[in-house]
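Inspection log for the structure reproduced underneath, given as structure tokens.
Quick note: the coordinates plus some simple rules give every number you see, no bench work behind them. Since the model is a prediction, treat every value here as computed from it, not as a measurement. Cβ atoms come from the backbone with ideal geometry, glycine included; neighbour counts cover every protein chain shown.
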Amino acid sequence: EPEVTQTPSHQVTQMGQEVILRCVPISNHLYFYWYRQILGQKVEFLVSFYNNEISEKSEIFDDQFSVERPDGSNFTLKIRSTKLEDSAMYFCASSEQGMNIQYFGAGTRLSVL
Amino acid sequence: KQEVTQIPAALSVPEGENLVLNCSFTDSAIYNLQWFRQDPGKGLTSLLLIQSSQREQTSGRLNASLDKSSGRSTLYIAASQPGDSATYLCAVSSNNAGNMLTFGGGTRLMVKP
């Protein structure tokens, strides 16, 4: 069964460093998303991406965040200068159409020290 | 702003019991509602999606209902098994918020053998 793949599963970084989280969405899907879940809190929407541009973003998704689809398969989330409060589980998701089921990856646990 | 609430936050039941998990949302102008399962430290697995025009969806021992006008959904699990132990999340896609999902805090279910 097709699945969303995320790498790495765990990323440890120093405060102020840049990190890139990688995702391979399901191959025939057109919509891509990033969410995050701080430990013990709700899953929060960050950004959605369609047709090579951001279609929605939350207030969390400020200038330190960016997304990119560098080739036909990868979808990345970059955090330019990490802060302690960026420590969270980051989930990538994809859907075939905009309002269809969103399929989630296993997540990347980001630990900022 | 859409708010999603799930009660109870935690539930412990003996194996074989039928149970109901509740989800409520403040803005009834939703496009669809999705139920997910999350195992500890893992990603989100989609269980059921109910479109706003539907009243319920069934998959195996799971049945999800939706009462859009009252802002409520329930997930019914029949004949619970220890393997059903996980956190169950509901999430809504709102008409005025594009494709983003707004999540509830989840119900942590423990099914005891």
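Brief remarks follow.
- Efficiency of FRET between A:Asp62 and B:Ser46 - r from beta-carbon atoms, R0 25 angstrom, step 0.05: 0.30
- Here the contact order of chain B, divided by its residue count and restricted to Cα pairs under 8 Å and six or more residues apart, works out to 37 percent.
- Around the Cα centre of chain B, unit charges on the Cβ atoms of Lys, Arg, Asp and Glu (plus for the first two, minus for the last two) sum to a dipole of about 100 debye.
- Subtracting the Cα-Cα distance of A:Val24 and A:Thr5 from their residue separation scaled by 0.36 nm leaves 6.3 nm.
- Computed from backbone phi with θ = phi - 60° and the Karplus coefficients 6.51, -1.76 and 1.60, the 3J(HN,Hα) list for segment B:45-52 is 9, 5, 9, 8, 10, 10, 6, 4 Hz; x is used for glycine and proline.
- Sparsely packed trypsin sites (Lys or Arg not before Pro) within segment B:1-72, loop by DSSP, other Cβ within 10 Å at most 11: B:Lys1, B:Arg55
- As a length-normalised measure over Cα pairs under 8 Å and 6 or more apart, the relative contact order of chain A settles at 39 percent.
- Shielding value for B:42-52 is 4, the average number of Cβ atoms from other chains within 10 Å of each residue's Cβ.
- For A:Lys78, a cut-off of 26 angstrom between C-alpha atoms picks up these lysines, skipping any fewer than 8 places away in its own chain: A:Lys42, A:Lys57, B:Lys42.
- Here the protein assembly as shown has an Rg and Dmax of 17.4, 51 Å, counting Cα atoms alone.
- For segment B:71-113, chymotrypsin sites (Phe, Trp or Tyr not before Pro) are listed when DSSP marks them as loop and at most 15 other Cβ atoms sit within 10 Å of their Cβ; the list is empty.
- Under the Karplus curve 6.51 cos²θ - 1.76 cosθ + 1.60, θ = phi - 60°, whole-Hz ³J(HN,Hα) for segment A:85-102, x wherever Gly or Pro sits: 6, 7, 4, 5, 8, 10, 10, 9, 9, 9, 9, 5, 10, x, 10, 8, 4, 9
- Here the Karplus curve 6.51 cos²θ - 1.76 cosθ + 1.60, taken at θ = phi - 60°, turns the phi angles of segment B:3-11 into couplings of 10, 10, 10, 10, 9, x, 6, 8, 8 Hz, with x standing for Gly and Pro.
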